[in-house]
Amino acid sequence: MMSTMAATAKPPEAAPGSAPGEGALGIICGGGAFPLAVARAAQAAGRRVVLFALRGSASAEVEAFPHVWIPMGRFGMLQTELKRHGCRDVVMIGTVLRPRIRDIRLDWATLRRMPRVIALMRGGDDHLLSGVARIFEEAGFRLLGAHEVAPGILAPEGVLGAVRPSREVQADIATGFRALEVLGPLDIGQGLVVMNGHVVAVEAAEGTDLMLERCADLRARGRIKAPSPCGVLVKRPKAGQDRRLDLPSLGPLTVEGAVRAGIAGIAVEAGGVIVSDVEELVRRADAAGLFLLGVAAGDAAP
């Protein structure tokens, strides 16, 4: 069942022709800290927010905000609640866990779109997410990127903490950015690890944290023989991807994973990676002796 902290009186519905920034902002929430960071930033900018929390993925912390719990597979319910709360502008953010089939109860609005969704799932992530964006837009909503309503969550340019990358690792950073530029059009991941000029791991369906676990395991098995710490984790958006839906992210767990994997630091595309809490990220990186570097797009190549 749905639970909400919103006022019981029905909010006014957003006008179909309303300009961006008018009315409430609907945040469709998966798991993790990013939905909460976006909600706080939007509120600080004076925007009314309502969080639409996906059951099985979003955390109970969403209940600190006006919210509605949405079961997976209920697109019709989601549409109705977005309109009821006056949300034409919509942000989708957070990790979504694949539900068990028996836990999904599709409503009619979802069933009508299932052939289209199944066709979208036959492509890569970019194909699927772009198709989902079109479905929302056809339903009358305006899909925004989290960085558009909370620009402060984008990684800034330059050395972010007290540790600077060594001269030796600069070549690894350049190699990482070049490799991701090649892999991006193939819809393969948004991150990889380079050590001494060799790409030792590429992010795939498992995501960054599990990729770093794999690196740590490779070290333990003796498959990575480079000294520890060594090399760099590089993250940047895929070329041509819809940045409203799938910007790569960086958080404290990423720093912890990099330490366990024996990586010297992290380099990201400035303005192309989201960070839930920059100060906490820098604090943990400094404590671990890792460098954090924001590289301007196009500046990584030697």
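Whether any residue in region 59-79 is modelled with pLDDT under 90, of a type in the set (A, V, I, L, M, F, W, C), crowded, with 18+ Cβ neighbours inside 10 Å and in contact with a Leu (Cβ under 9 Å, 6 or more places away or on another chain) is what I want to check.
Checked region 59-79: at least one residue is modelled with pLDDT under 90, of a type in the set (A, V, I, L, M, F, W, C), crowded, with 18+ Cβ neighbours inside 10 Å and in contact with a Leu (Cβ under 9 Å, 6 or more places away or on another chain).
In region 205-222, which residues are among the hydrophobic types (A, V, I, L, M, F, W, C) and out of contact with any strand residue (DSSP E or B) (no Cβ under 8 Å at 6 or more places or on another chain)?
If the condition is that a residue be among the hydrophobic types (A, V, I, L, M, F, W, C) and out of contact with any strand residue (DSSP E or B) (no Cβ under 8 Å at 6 or more places or on another chain), then Ala205, Leu210, Ala216, Ala220 are the ones that fit.
Can you give me the number of residues within region 38-55 that are buried (at least 17 other Cβ atoms within 10 Å of the Cβ) and either farther than 18 Å from Leu154 by Cβ or among the polar types (S, T, N, Q) (or both)?
So the count comes out to 6.
Do the conditions hold for Ala14, that is, is it at pLDDT below 85 and buried (at least 21 other Cβ atoms within 10 Å of the Cβ)?
yes
What about Ala44, is it modelled with pLDDT of 90 or more, out of contact with any His (no Cβ under 7 Å at 6 or more places or on another chain) and closer than 24 Å to Glu279 by Cα?
Considered against the rule, which asks whether it is modelled with pLDDT of 90 or more, out of contact with any His (no Cβ under 7 Å at 6 or more places or on another chain) and closer than 24 Å to Glu279 by Cα, Ala44 comes out as yes.
What is the residue count in region 158-181 for residues that are farther than 13 Å from Ile266 by Cα and under 20 Å from the mean Cα position of the chain (by Cα)?
Counting residues in region 158-181 that are farther than 13 Å from Ile266 by Cα and under 20 Å from the mean Cα position of the chain (by Cα) gives 2.
Being surrounded by fewer than 20 Cβ atoms within 10 Å (Cβ to Cβ), of a type in the set (A, V, I, L, M, F, W, C), modelled with pLDDT under 95 and in the same structural domain as Ala270 (by TED's automatic domain parsing) narrows it down to one of Ile224, Ile188, so name that one.
Within the list Ile224, Ile188, the selection yields Ile188.
The values are calculated or read from the model by the stated rules, or taken from the named source; none is laboratory data. All values reported here derive from a predicted model rather than from experimental measurement. Cβ sites come from the backbone with ideal geometry, for glycine too, and all protein chains shown count toward neighbours.
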